[in-house]
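The values are calculated or read from the model by the stated rules, or taken from the named source; none is laboratory data. Please read all numbers here as calculations on a predicted model, not as lab measurements. Glycine gets a Cβ as well: all are built from the backbone with ideal geometry, and neighbour counts include every protein chain shown.
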Amino acid sequence: MRYARALFEASVDQGKLENIQEDLNALLLLEQQVPEFKDLLDSPVLNASQKQGILKNLFENKVDSLTYRFLMLISENKREAFLPSVCRVFKDLYKQEKGIMAALVTTAGVLQKKTAERVKLTLEEFYKSHIELQTEMNSDLIGGFILRVEDQQLDASVASQLRKIKKGMDQSVIS
């Protein structure tokens, strides 16, 4: 998305990458947790100047000047509804710039904090990169885990193994 790339490049050029990333993370959080903010962004009833006034009241002198100018530009161009997408794309660009990889471990039960830390350290050694590890629980796995790092996946779940066994048995019965 060109808005995100333009903001990213401007933040790098001005040495404000960390500040802008923090501002955009806060905006994403606001959009997720405050339904009225999302309604404001999506509202067809409010015109551009009304939205700009509200954004000005909310963010002037509360975010970095570059973030503020960007919000005003988005509003002038009537692209407020795209703000969450811009924030997510910017976050992806930031992670790429900083060499941060996202990983997700899905387990059948609660993953102990100590185990999660070991998984994170192992992945950081393997990928030679900083890993942002998230965990989730899915009791349908029965046991084992599914590890997803960026676009790679390792499925070591009991449910997956049972499906493979069933498929093998079905094929041997047919033969």
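Table: residues versus (1) among the aliphatic types (A, V, I, L, M); (2) at pLDDT 90 or above; (3) more than 24 Å from the chain's Cα centre (by Cα); (4) closer than 30 Å to Ala4 by Cα.
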site: Glu125; (1), (2), (3), (4): no, yes, no, no
site: Ser129; (1), (2), (3), (4): no, yes, no, yes
site: Met137; (1), (2), (3), (4): yes, yes, no, no
site: Asp151; (1), (2), (3), (4): no, no, no, yes
site: Gln161; (1), (2), (3), (4): no, no, yes, no
site: Lys164; (1), (2), (3), (4): no, no, yes, no
site: Ser172; (1), (2), (3), (4): no, no, yes, no
query = If you go through segment 93-133, how many residues are surrounded by 15 or more Cβ atoms within 10 Å (Cβ to Cβ) and without any contact (Cβ under 8 Å) to a residue 40 or more places away in the chain?
reply = 12
ask   = Among the residues of segment 39-67, which ones are more than 16 Å from Lys78 (Cβ to Cβ), in contact (Cβ under 8 Å) with a residue 24 or more places away in the chain and either assigned to a helix (DSSP H, G or I) or within 21 Å of the chain's Cα centre (by Cα) (or both)?
value = Val63, Leu66, Thr67
key: Matching option when the condition is farther than 30 Å from Asp92 by Cα and in contact (Cβ under 8 Å) with a residue 24 or more places away in the chain, among Ile142, Ile165   = Ile142
message = For segment 5-32, give me each residue that is in contact (Cβ under 8 Å) with a residue 40 or more places away in the chain, of a type in the set (Gly, Ala, Ser) and surrounded by fewer than 21 Cβ atoms within 10 Å (Cβ to Cβ).
response = Ala10
